[in-house]
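This report refers to the structure that appears directly beneath it.
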């Protein structure tokens, strides 16, 4: 037995067969190990044998075994996903009854189709809305996008807050600025942070001289006035956080609630 290709490492255990009956052609016990470039067995590879390419799988021990009819030349084909197929011929000497061989596969280079880029530079709007979607995916707070807000058919931005649990909104009549906004878990109106396009809006400072009740009422109205700076038609997304634990780090200061507005 001898190899006919430099990619085939073959060792043959030669044994003289005894006298064989004329009705029984001689056979060879064939054992083939399929390995990669590092010499490790390729588990799951398949070995095609003979002209019919009968497939014998590589077992868990790394070997493919089969008993084949003796032939002067025996075609072997080793295949496995991710490797270049190896097609070779094994030559038997007269009298061979067993044979072992090692076939070495080479990793196939991946050929990718031509790619056509249609990308455009990311805009500030793209980035801020990507962040909006990422925070929404975390599941903390109440989020509404442009479609959600349009479906509400509202005229004042503060009305959006009614969908958030624990938020009470009183809308002033048309022509009267401001709307009263109260958070059950953040009763101190000055602790409700209002952010527009990433910038925190300063709460009003015209409460000097008011008694505590009047001051609280005025501050609640000032929150509505800040939201009135943006009409519902201008909003691309809004985030509502009704408690300190919900507020993400980028909007967390001394507030116990936050309203984050993103414009188109």
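Can you say whether residue 85 is farther than 15 Å from residue 31 by Cα, surrounded by fewer than 16 Cβ atoms within 10 Å (Cβ to Cβ) and out of contact with any strand residue (DSSP E or B) (no Cβ under 9 Å at 6 or more places or on another chain), as far as the supplied structure shows? Walk me through how you get there before you give the answer.
On the way: farther than 15 Å from residue 31 by Cα: yes; surrounded by fewer than 16 Cβ atoms within 10 Å (Cβ to Cβ): yes; out of contact with any strand residue (DSSP E or B) (no Cβ under 9 Å at 6 or more places or on another chain): no.
Against the criterion (farther than 15 Å from residue 31 by Cα, surrounded by fewer than 16 Cβ atoms within 10 Å (Cβ to Cβ) and out of contact with any strand residue (DSSP E or B) (no Cβ under 9 Å at 6 or more places or on another chain)), residue 85 does not qualify.
Where residues in the range 151-182 are touching a residue at least 60 places away in the same chain (Cβ under 8 Å) and over 18 Å from residue 243 (Cα atoms), which of them is nearest to the chain's Cα centre (by Cα)?
So, considering only residues that are touching a residue at least 60 places away in the same chain (Cβ under 8 Å) and over 18 Å from residue 243 (Cα atoms), the one nearest to the chain's Cα centre (by Cα) is 152.
Here is a list: 229, 252. Which entry is surrounded by fewer than 16 Cβ atoms within 10 Å (Cβ to Cβ) and modelled with pLDDT under 90? Explain how you work it out, then say what you get.
Numbers: 252 fails: modelled with pLDDT under 90.
Being surrounded by fewer than 16 Cβ atoms within 10 Å (Cβ to Cβ) and modelled with pLDDT under 90 holds for just one of 229, 252, which is 229.
For the range 112-155, how many residues are within 19 Å of residue 197 (Cβ to Cβ), assigned to a loop (DSSP other than H, G, I, E, B) and modelled with pLDDT under 90?
Residues that pass the stated criteria total 2.
I need the full set of residues from the range 179-199 which are more than 15 Å from residue 228 (Cα to Cα) and part of a strand (DSSP E or B), in order please. Can you show your working first?
Step one: filter the range 179-199 for residues more than 15 Å from residue 228 (Cα to Cα), giving 182-192, 198-199.
Selection gives 182, 183, 186, 192, 199.
The values are calculated or read from the model by the stated rules, or taken from the named source; none is laboratory data. Predicted model, so just to flag it, every value in this text is computed and none were measured. Counting neighbours? That spans all protein chains shown, and the Cβs are built from the backbone with ideal geometry, glycine included.
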